[in-house]
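To keep things clear, I will list the structure first and then write my remarks on it.
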Amino acid sequence: MRKLRIGIIDLASKSSTRALWARVMNANLSSIMPQVVGVWCQRAGHDVSMLCYTGFEDLEKEIPPDLDIMFIGAFTEAALLAYAISSRLRAKGVITVLGGPHARCYPEDAGKYFDYVLGFTDEAVVNDVLHDCSRHLPLGVRLSAPRQPADIPGVRERWAFIEATLRKAPLIKLVPMLASTGCPYTCSFCIDSSVPYRLLNTDVIREDLRFLLTRFKRPLVGWHDPNFGIRFDDLMGAIEEAVPPGSIDFIAESSLSLLSEPHLQRLQRNGFKALLPGVESWFDLGEKSRTGTVQGEGKVLRVAEHINLVLRYIPYVQTNFVLGLDSDAGSEPFALTKRFIDLSPGAFPGYSLLTSFGEAAPINYQYQREGRLIGFPFHFLNNNCAMNMRPKNYAWPEFYQHVIDLTQHSFSRRAIFRRIAATGAFVPRWLNVIRAISSEGYGRLRYYADVHRQLVTDRAFRDYFEQETDILPPFYVAQIKKDLGPLWTSLPERAIYHDPYAFLKSKETEPVDVPIAMESAG
Ligand code: B12
Ligand code: SF4
């Protein structure tokens, strides 16, 4: 096989930016898989050039001019940017491949703009693509490994790519690592609820941690595991065998059910500095918070006590919530979250608007059957910029009013000061303040207020939310145009529209009854 010139882009940002927070953080949002694909391509004897796009690079200058094939890794929020890049490269004869969350969630749509769309990706899948390496029109080829890869190249093998990306991170340098794939829990909204849990090779983890101590005085590792610490003893045992306690700082997403006091003590001993447990809802998903059937106020009290216990051992805690779940109705869920903020002032609250990402999660099929989806352009599907389905128990203005009220409460002066007082360590304390007053706290508040205002004053805007029309409000078109900048002209016509019912239609043999406004979509 001839030696190929391979490009890989990891889209850690969906647009160009000059924001300070983005400067500090975006290079730390790089994904593991583009680096893994890079190692596999090199192993197969090809030339690889890797770019992690953080929003500060000039894509037109940094994409090498003479590629045979380009792999792009994208979240759905960066899908339109990925489509525009692909279209520009295909016009020059380059073969394009899409992988990552967007490819897993919207393979049908992505197939219109790429030669290959990859689901689960292992070395064999990548080699198949490289061997074939040809144009596929009008629809790209969809390929997927039967399951998540059993092992992936570790930090040592990925080091050249990691180092190049971290050079762009001025203060915090987070090394991305993965110890497991899948999850044994079955939260119906989650992409991993049907992916079996598997611990990766702990020998590689041990070797990587030792290697990192030769590269940094005090490394900082971000675990990308969907739910860190399921096989807690095996994993912590591997860390303890590999490196002296507390010599590496770690960040992980883990469910509260795994964070018992003995586990917290062991995590603290081993340098865990930040944890992101998902609470999600006061009326659902009790299994992962170890609150069982206790709901409402009872669950708030139990979770607040538990989070305060976590904060005694771990300096930085972010609690994640999903807003707009079907189990929520009226003001009570929001009032309970406010109560939680007051009871656990040290935790930073992360809010996600319920989003149905294509075919990611089992419950999405049900949402589509209920005809509740709205075809918001992918650019806004990041859990914050849009909720792409009608809430079951709220009118839109009412829902946004609750979200605004909760966000105001969470980032009020009082809450910010109480968070400062409840946070012992210097860096976490000021990180919380910056997050609250930057795009995440105040910025979102302004954005939600803008959406709410238009919902109550602009009939056409409201009609789009009510599924009365599929004409996208100019508010959204203008943002995409601005964010894509010069690449806007390369975005294929109609790419801002997609069929939100594609998953359902691909499953049902009978014609599907979807809202009138959606019939022409896609
Ligand atoms: C770790 C994680 C993060 C980390 C690390 C992000 C990163 N850059 O990798 C952090 C906390 C930073 C993060 C942030 C965000 N996240 Co996140 N995150 C996850 C999580 C928990 C695990 C993903 C993971 O690494 N799995 C392990 C890998 C090996 O498996 P995989 O992702 O399935 O990948 C397989 C294939 O897709 C493929 N593949 C993956 N990437 C690539 C790339 C190429 C080039 C190729 C060829 C193949 C390929 O190979 C893998 C092996 O089979 C998932 C939820 C989950 N339970 O999976 C959400 C998830 C991916 N995140 C999600 C979202 C929405 C976000 C945010 C937009 C949230 C926000 N508003 O800030 C940001 C976006 C950040 C960014 N632009 O980089 C969504 C994505 C949905 C979507 N379609 O876009 C998910 C699915 C959660 C959800 N809501 O359902 N996230
Ligand atoms: S515990 Fe987390 S990773 Fe596991 S299924 Fe639930 S939301 Fe997904």
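The values are calculated or read from the model by the stated rules, or taken from the named source; none is laboratory data. These figures come from a predicted structure and were not determined experimentally. In this analysis, Cβ positions are derived from the backbone assuming ideal geometry, glycine residues included, and neighbour counts consider all displayed protein chains. The accessibility values were calculated without ligands, DNA or RNA, using every heavy atom of the protein model including side chains. Shrake-Rupley method; radii C 1.70, N 1.55, O 1.52, S 1.80 Å.
Only a single criterion out of (1) closer than 29 Å to Tyr316 by Cα; (2) open to solvent by 50 Å² or more (accessible area, probe 1.4 Å) is not satisfied by Asp458, namely (1).
Scanning the range 145-195 for residues that are open to solvent by 50 Å² or more (accessible area, probe 1.4 Å), modelled with pLDDT of 95 or more and within 13 Å of ligand 1 (Cβ to nearest atom) gives Pro146, Arg147. Taken together, the residues in the range 476-494 that are out of contact with any Phe, Trp or Tyr (no Cβ under 7 Å at 6 or more places or on another chain) and open to solvent by less than 90 Å² (accessible area, probe 1.4 Å) amount to 11. If you go through the range 241-260 and keep only what is in a helix (DSSP H, G or I) and away from ligand 1 (no atom under 16 Å from the Cβ), you end up with Glu241, Ala242.
Matching residues to (1) within 16 Å of ligand 1 (Cβ to nearest atom); (2) closer than 30 Å to Ala110 by Cβ:
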{"position": "Glu305", "(1), (2)": "no, no"}
{"position": "Asn308", "(1), (2)": "no, no"}
{"position": "Ala329", "(1), (2)": "no, no"}
{"position": "Ala335", "(1), (2)": "no, no"}
{"position": "Pro349", "(1), (2)": "yes, no"}
{"position": "Thr355", "(1), (2)": "yes, yes"}
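Scan Phe232, Phe211, Phe161, Phe228 and give me the residue that is among the aromatic types (Phe, Trp, Tyr) and closer than 26 Å to Val97 by Cβ. Of Phe232, Phe211, Phe161, Phe228, the one residue that is among the aromatic types (Phe, Trp, Tyr) and closer than 26 Å to Val97 by Cβ is Phe161. Scanning the range 33-80 for residues that are within 19 Å of Val129 (Cα to Cα) and of a type in the set (D, E, K, R) gives Arg43, Asp47, Asp66, Asp68. The set of residues in the range 112-136 being touching a helix residue (DSSP H, G or I) at 6+ places or on another chain (Cβ under 9 Å) and either outside any loop (DSSP other than H, G, I, E, B) or over 16 Å from Val94 (Cα atoms) (or both) consists of Tyr116, Val117, Leu118, Gly119, Phe120, Thr121, Asp122, Glu123, Val126, Asn127, Leu130. If you check Arg435, Arg446 for being assigned to a helix (DSSP H, G or I), exposed (fewer than 15 other Cβ atoms within 10 Å of the Cβ) and not hydroxyl-bearing (Ser, Thr, Tyr), only one passes: Arg446. Take the conditions (1) at pLDDT 95 or above; (2) touching a helix residue (DSSP H, G or I) at 6+ places or on another chain (Cβ under 8 Å); Leu200 misses just one of them, which is (2).
Whether any residue in the range 271-278 is assigned to a loop (DSSP other than H, G, I, E, B), away from ligand 2 (no atom under 13 Å from the Cβ), closer than 25 Å to Leu301 by Cα and touching a Pro at 6+ places or on another chain (Cβ under 8 Å) is what I want to check. Lay out the reasoning, then the answer.
At the first step, the residues of the range 271-278 found to be assigned to a loop (DSSP other than H, G, I, E, B) are 271, 276-277.
Subsequent filtering for residues that are away from ligand 2 (no atom under 13 Å from the Cβ) retains 271.
Narrowing the set further to residues that are closer than 25 Å to Leu301 by Cα leaves none.
Scanning the range 271-278, I find no residue that is assigned to a loop (DSSP other than H, G, I, E, B), away from ligand 2 (no atom under 13 Å from the Cβ), closer than 25 Å to Leu301 by Cα and touching a Pro at 6+ places or on another chain (Cβ under 8 Å), so the answer is no.
For the range 310-366, a residue qualifies if it is assigned to a loop (DSSP other than H, G, I, E, B), in contact with a strand residue (DSSP E or B) (Cβ under 8 Å, 6 or more places away or on another chain) and more than 28 Å from Leu504 (Cα to Cα), and the qualifying residues are Ile314, Pro315, Ser344, Gly346, Ala347. Can you name the residue in the range 79-102 that is of a type outside the set (Val, Ile, Thr) and under 17 Å from Gln35 (Cβ atoms) and is also farthest from the chain's Cα centre (by Cα) among such residues? Going through the qualifying residues, I end up with Leu98.
If you take just the helices (runs of 4 or more DSSP H) that sit entirely in the range 1-111, which of them hold at least 3 residues that are in contact (Cβ under 8 Å) with a residue 60 or more places away in the chain, crowded, with 19+ Cβ neighbours inside 10 Å and within 16 Å of ligand 2 (Cβ to nearest atom)? Let's see the steps before the verdict.
Working: elements: 20-25, 32-43, 59-62, 79-91, 101-105, 107-110.
Counting at least 3 such residues, we get 101-105.
Of the residues that make up the range 17-33, is at least one among the hydrophobic types (A, V, I, L, M, F, W, C), within 12 Å of ligand 1 (Cβ to nearest atom), closer than 27 Å to Asp151 by Cα and more than 14 Å from the chain's Cα centre (by Cα)? Within the range 17-33, one or more residues are among the hydrophobic types (A, V, I, L, M, F, W, C), within 12 Å of ligand 1 (Cβ to nearest atom), closer than 27 Å to Asp151 by Cα and more than 14 Å from the chain's Cα centre (by Cα). Scanning the range 386-412 for residues that are in a helix (DSSP H, G or I) and open to solvent by 50 Å² or more (accessible area, probe 1.4 Å) yields Glu398, Gln401, Asp405, Gln408. In the set (1) within 21 Å of the chain's Cα centre (by Cα); (2) open to solvent by 40 Å² or more (accessible area, probe 1.4 Å), Ala335 fails one condition alone, (1). Screening Thr181 on (1) in contact with a Phe, Trp or Tyr (Cβ under 8 Å, 6 or more places away or on another chain); (2) farther than 30 Å from Asp233 by Cβ; (3) hydroxyl-bearing (Ser, Thr, Tyr) shows it passes everything except condition (2). Of everything in the range 358-371 that is surrounded by fewer than 23 Cβ atoms within 10 Å (Cβ to Cβ) and in contact (Cβ under 8 Å) with a residue 40 or more places away in the chain, the residue that is nearest to the chain's Cα centre (by Cα) is Ala360. Among the residues of the range 213-230, the ones that are away from ligand 1 (no atom under 16 Å from the Cβ) and surrounded by 14 or more Cβ atoms within 10 Å (Cβ to Cβ) come to 4 in all.
Listed here are the residues, each with its yes/no results for (1) of a type in the set (Gly, Ala, Ser); (2) without any contact (Cβ under 8 Å) to a residue 24 or more places away in the chain; (3) in a helix (DSSP H, G or I).
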{"residue": "Phe461", "(1), (2), (3)": "no, yes, yes"}
{"residue": "Gln467", "(1), (2), (3)": "no, no, no"}
{"residue": "Trp488", "(1), (2), (3)": "no, no, yes"}
{"residue": "Lys505", "(1), (2), (3)": "no, yes, yes"}
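Residues in the range 112-124 that are more than 10 Å from ligand 1 (Cβ to nearest atom) and not aromatic (Phe, Trp, Tyr) were compared, and the one that is surrounded by the fewest Cβ atoms within 10 Å (Cβ to Cβ) is Ala124.
So for the range 477-496 (the condition being within 22 Å of the chain's Cα centre (by Cα), closer than 27 Å to Gln366 by Cα and of a type outside the set (S, T, N, Q)), does at least one residue qualify?
Yes - at least one qualifying residue is present in the range 477-496.
Looking only at residues of the range 245-260 that are open to solvent by 20 Å² or more (accessible area, probe 1.4 Å) and within 17 Å of the chain's Cα centre (by Cα), we find that the one that is nearest to ligand 2 (Cβ to nearest atom) is Glu253. In the condition set (1) under 25 Å from Gly222 (Cα atoms); (2) among the polar types (S, T, N, Q); (3) outside any helix (DSSP H, G or I), Thr293 is compliant with all but (1).
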